[in-house]
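The next block holds one structure in the form of structure tokens; read it before the comments.
The values are calculated or read from the model by the stated rules, or taken from the named source; none is laboratory data. Every value quoted in this text rests on a predicted model; they were computed, and no experiment measured them. Heads up, the Cβs are rebuilt from the backbone with ideal geometry, glycines too, and the neighbour counts pull from every protein chain shown. Heavy atoms of the whole protein, side chains included, go into the accessibility calculation; ligands, DNA and RNA do not. Shrake-Rupley method; radii C 1.70, N 1.55, O 1.52, S 1.80 Å.
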Amino acid sequence: MSENNNVAVNRILPAVALRGMTILPGAIIHFDLNREKSISAIEKAMMTGGQIFLVTQKDAEDKNPVYEQLYHIGTIAVIKQITKLPNRVIRVLVEGVCRGEFLAVDEEKPGFLEAQVREVAKEEEYADFLSPEEAKVQEEAMLRQLKEYFGTYASYYPKMGQTAAKRYADVQDISSLIDQMVMNMPLDHIAKQKVLETVSVTKRYDLVCEILVNEIEVAKVKSDLAQKIKSKVEKNQKEYLLREQLHYIKEELGEGGSLSDAEQFLKAVEELPAKEEVKEKIKKEISRFQKLSPNSSESSVERAYIETLLELPWDKASHDNESMSRAEEILDREHYGLEKVKERILEFLAVRCLTKKGDSPILCLVGPPGTGKTSIARSVAEALDKQYVRICLGGVRDEAEIRGHRKTYVGAMPGRLVAGLKQAGVKNPLMLLDEIDKVSNDYKGDTFSALLEVLDSEQNVRFRDHYVEVPIDLSEVLFIATANTTQTIPRPLLDRMEIIEVNSYTANEKFHIAKEHLLAKQLEKNGLNKSMLSIRDSAVKSIITHYTKEAGVRNLERKLGDICRKAAREILKAKEAGESLPKISVTASNLEEYLGKKKYLPDKANKKPEVGIVRGLAWTSVGGDTLQIEVNRMPGKGEIELTGQMGDVMKESALIAMSYVRSVGEDYGIKPEIFKEYDFHIHIPEGAVPKDGPSAGITMATALFSAVTEKPVRSDIAMTGEVTLRGRALPIGGLKEKILAAKTAGIKEVLVPAENKKDIEDISGEIKEGLVITYVKDMNDVLTRALTDK
């Protein structure tokens, strides 16, 4: 122990209250002052020998602290240098001399803080030591132990340790060594104040040893954490390193390394209306997400998967409309006709209202283009208060479009059905599967087969998407599919749907649709109103007959749009010329000014009966049509020639018709030599248009019979039906369109197979009005009605 004979005395010194810092004896340090009292105290100290008392405030926010708000142990220091800075700030360099006990404040000095201080003598610090001989050994032991502790501490902070070790090597006074070490360690001012207030060297030694041991443990844990992280990451990944440190620190603190995203996901799971099975699956995925590195590609895949699961409407359903009158009003307002579709929807609504449950029907609307199949689905959704989702299946050829991709693939996503549910936001929307007949297949899988599970009410309760991996209930989805034909739809899939035929519109139906819906829509679209443009009924009927040839009304709407655009141009031209705005009226007589020459002239019945010419009826994708079948007999070798781009089935029908005529020749007095000495040429006009099907069988047989017997066929009669080798007339389809075509052509009588009587009864009286429908069982009935002697 160093000798010191100083005796403690009370002194009056200028004092500076320090904010957020503590200065210990032996420290050389500078600080800035800007309070007037503190600056005045410095000036006073410089005039009285340069000594000042530095004491720390208990609360750094106090601007004018009093005695009770200051610590009672401070440091007596010597001012070494003063530097004036801008804004009345001074920088003071001081050197701590010894501890001082703050006894009182001189209240008579209002300009600055003047303190009564008792200087703490060396003897007080070493009072706990034993005899001088034992004290020397004890002090040496303390010095060595303290330097050893500091050496261990400094090994974790190489930059600080190198300079400090050299500085402390020659220090032999234990009190000075403790104060210097604490002053240079990165401790807060409260810890340093605690050391300052500990006057006894032995107690101060114990306190600093405790601080050093604690700091060594913290540094050791920090080093271990850094080492763990370093083994997992590449060099120079600074951002990654910082995130991993945070992760491991939270693990050590028992906070589980959870991230804010994961917490948000967990909160969303608790609020999610879903079964426990679903929630457990999502929680498991969130737990997995927490353990992944935020910068890894797998983390982004997992995040997208969790977000998809949380966005699906597991048990969230919309409340359906239960008012049948309101639903019927909406359906009638939006669409003219389509009675079967409306009736089936109202039946479903009635059952749902009575039972409060019931599987949603799976409907398939089949009909020509432009007949309102897609738009009626939107109206049904509105009538039932359901969310509307349209999924276009035209050209879809990958099974994954329906079932989704497995989430292990890059860019994986759920199938269109799950995406549709996600878009709707409820589990019971109306889902329109548009153009289901145009789905195609390739090496990636059979898309039709994937739809089997979706459209089976027994299986779609637990539909499993490859991406989602959790069963999804599709039983409450109202599926409506649309198709132009059922020929391309596989039988098992067709069996799962309720087929509703949407037939071609009659001319009268088209007229009503144009007047009630299309015209108003086109006027609004083109910025017109009824006072600017009027289209007379005669003009609308002329457009339907002479400018469109379709089953639906798309071209009719386009033609009305053409008229509206030309009218808008005339009105604007008159407006720019300063003329009064004209009211344009379109009639049948001036229609050509807006739409040009007539494009279609309806096929009319022949003016007089002719030999070998018979009018047949055909179904096309755009409605019905009439076919004039011609047969010529010419000298030859008994060969038969078929022209008019006939398909294989139609060619077979022609051969069957020929065989039938030859087989019954004797009954009608036909000489067998005719079939050896003459060639027969069967032709169907409009050779550029492909034709196929068996329904022209009785027509070709009648034309051949007429050519052989040279008996003319009535010009006001048309027929359709398949013929057999024995002359029976078999039933066919598309009767509504065929009857409509016959009526348009001015035919008076139509021959149809007797087995089609039930189909004829389903056709509205409006179409059959003015026509004689004759049912025939075989060719005898046909020939009896068709042939004439005139």
* Asked: Is it the case that some residue within segment 285-303 is under 19 Å from residue 389 (Cα atoms) and of a type in the set (Val, Ile, Thr)?
  -> no
* To do: Could you list, in sequence order, all residues of segment 721-765 that are of a type in the set (Gly, Ala, Ser) and without any contact (Cβ under 8 Å) to a residue 40 or more places away in the chain?
  => 754, 765
* Structure fact -> Out of (1) farther than 20 Å from residue 43 by Cα; (2) touching a Ser or Thr at 6+ places or on another chain (Cβ under 7 Å), the one residue 91 does not meet is (1)
* Of these, 273, 313, which one is within 27 Å of residue 379 (Cβ to Cβ), at pLDDT 75 or above and under 31 Å from the mean Cα position of the chain (by Cα)? -> 313
* Asked: From the list 344, 403, which one is in contact with a strand residue (DSSP E or B) (Cβ under 9 Å, 6 or more places away or on another chain), under 30 Å from residue 763 (Cα atoms) and open to solvent by 20 Å² or more (accessible area, probe 1.4 Å)?
  -> 344
* **Selection count, segment 37-79, where residues are out of contact with any Gly (no Cβ under 8 Å at 6 or more places or on another chain), at negative phi and open to solvent by 20 Å² or more (accessible area, probe 1.4 Å)** => 18
* With the condition kept exactly as written, say whether any residue in segment 681-692 is part of a loop (DSSP other than H, G, I, E, B), touching a residue at least 24 places away in the same chain (Cβ under 8 Å) and closer than 26 Å to residue 766 by Cα. => no
* Asked: In segment 622-645, what residues are out of contact with any helix residue (DSSP H, G or I) (no Cβ under 7 Å at 6 or more places or on another chain) and of a type in the set (A, V, I, L, M)?
  -> 622, 627, 634
* **Residue list for segment 444-455, filter: assigned to a loop (DSSP other than H, G, I, E, B) and among the charged types (D, E, K, R)** => 444, 446
* **Cβ pairs under 8 Å, 6+ apart, first in segment 573-596 and more than 18 Å from residue 544 (Cα to Cα), second among the acidic types (Asp, Glu) and open to solvent by less than 100 Å² (accessible area, probe 1.4 Å)** => 582/570; 584/570
* Could you grab the pairs with beta carbons closer than 9 Å, sequence gap of 6+ or different chains, first residue in segment 452-479 and over 15 Å from residue 312 (Cα atoms), second one open to solvent by 40 Å² or more (accessible area, probe 1.4 Å) and among the hydroxyl-bearing types (Ser, Thr, Tyr)? => 475/457
* Being of a type in the set (Asp, Glu) and crowded, with 17+ Cβ neighbours inside 10 Å is the filter; apply it to segment 730-777 and report the residue that is nearest to residue 508 (Cα to Cα). => 737
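A quick yes/no check of all residues on (1) outside any helix (DSSP H, G or I); (2) more than 20 Å from residue 342 (Cβ to Cβ):
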site	(1), (2)
374	no, no
380	no, no
386	yes, no
411	yes, yes
419	no, yes
433	yes, no
457	yes, yes
* To do: Return the pairs, sorted by first residue and then second, in which the second residue is open to solvent by less than 10 Å² (accessible area, probe 1.4 Å) and charged (D, E, K, R), the first residue lies in segment 12-40 and is without any contact (Cβ under 8 Å) to a residue 12 or more places away in the chain, the beta carbons are less than 6 Å apart, and the residues are 6+ apart or on different chains.
  => none
* State which residue is surrounded by the fewest Cβ atoms within 10 Å (Cβ to Cβ) when the search covers only segment 262-296 and only residues that are under 11 Å from residue 309 (Cβ atoms) and among the hydrophobic types (A, V, I, L, M, F, W, C). => 268
* **Flag if residue 487 is under 28 Å from residue 352 (Cβ atoms) and either open to solvent by 10 Å² or more (accessible area, probe 1.4 Å) or among the β-branched types (Val, Ile, Thr) (or both)** => no
* Structure fact -> Those residues of segment 156-180 that are among the small types (Gly, Ala, Ser) and either at pLDDT below 80 or touching a Phe, Trp or Tyr at 6+ places or on another chain (Cβ under 6 Å) (or both) come to a total of 4
* To do: Of all residues in segment 743-777, count the ones that are part of a helix (DSSP H, G or I), modelled with pLDDT under 90 and among the acidic types (Asp, Glu).
  => 4
* Asked: Just for helices (runs of 4 or more DSSP H) wholly inside segment 551-667: which have at least 2 residues that are under 30 Å from residue 514 (Cα atoms) and either open to solvent by 100 Å² or more (accessible area, probe 1.4 Å) or charged (D, E, K, R) (or both)?
  -> 554-576, 592-595
